[in-house]
1. Going from most exposed to least, what order do LYS38, LYS46 have by accessible area with a 1.4 Å probe?
2. For LEU40, LEU29, what's the largest-to-smallest order of accessible area, 1.4 Å probe?
3. For GLN37 and ASP54 in one chain, what is 0.36 nm times their gap in residues minus the Cα-Cα distance, to one decimal in nm?
4. On a C-alpha basis, how far is the centre of segment 31-46 from the centre of segment 4-29 in Å? Whole number, if you could?
Amino acid sequence: MAEYTRLWNCLALIRLRNPPVNSISTAVLHGIKAGLQKALTDHTVKAIVICGADGKFSAGVQVCDSSVFYNAQCSP
């Protein structure tokens, strides 16, 4: 998932939280979208920072969740 936080000094933070490597999944994409929508509707936000939790930004797309990009199904 991605977590939205409104910080001081007109900053909004969207932190990727999908351990262990913060891979991009459907849930993370929805969280990023929701965070961006919140930041864009708050007229006091002047900058949006996207970072990863635990010192890791993102290792890329979660392979079994590639249906987000390729409309494929993930095997159990």
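1. If we order LYS38, LYS46 from most to least accessible, we get LYS46, LYS38.
2. LEU40, LEU29
3. 3.7 nm
4. 12 Å
The values are calculated or read from the model by the stated rules, or taken from the named source; none is laboratory data. These numbers were taken from a predicted model, which means no experiment stands behind them. These accessible areas exclude ligands, DNA and RNA; they are computed on the full protein's heavy atoms, side chains included. Shrake-Rupley method; radii C 1.70, N 1.55, O 1.52, S 1.80 Å.
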